[in-house]
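Worksheet: the structure to be examined is printed underneath.
Taken together, the values in this text are just the output of simple stated rules run on the coordinates, not laboratory data. Only a predicted model underlies this, so the values are computations on that prediction, with no experimental measurement involved. Neighbour counts are summed over all protein chains in view; Cβ atoms, including those assigned to glycine, are modelled from backbone coordinates with ideal geometry.
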Amino acid sequence: MSYGIVNADHYRQGATYVDQILRGAKPGNLPVQTPTKYETVLNSKTAKNLGLIVPEALLVAVDEIIEAKDVRYWHLADVAEPQTDVRFRG
């Protein structure tokens, strides 16, 4: 399981810096920005190998699950019912 920044959002913030610099702002005067969006990714193969049962409350909070068998990627928004036990997957 990992928890980190959303790269697309990070790049978007960088683009705003570039835009401001190209419009004449001094880089030293620009504020330091922190990421605003984070994502949680669960590797079901690792969870399965460790014999872990992932609680439904955690599965609902996960943004992306990496499948065990053929390394398929999917988002929970694409699934009607969240899985309650990753041991039964693939």
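Could the peptides 22-33, 41-52 be put in order, highest first, of the mean number of other beta-carbon atoms found within 10 Å of their residues?
41-52, 22-33
Under the 0.36 nm per residue contour assumption, what length would be gained going from the current alpha-carbon distance of GLU67 and ILE5 to full extension?
Full extension of this stretch gives 20.2 nm more.
Please list, in order, the residues from the stretch 24-66 whose amide nitrogen is less than 20 Å from a point placed 7 Å along the Cα→Cβ vector of VAL18.
24-37
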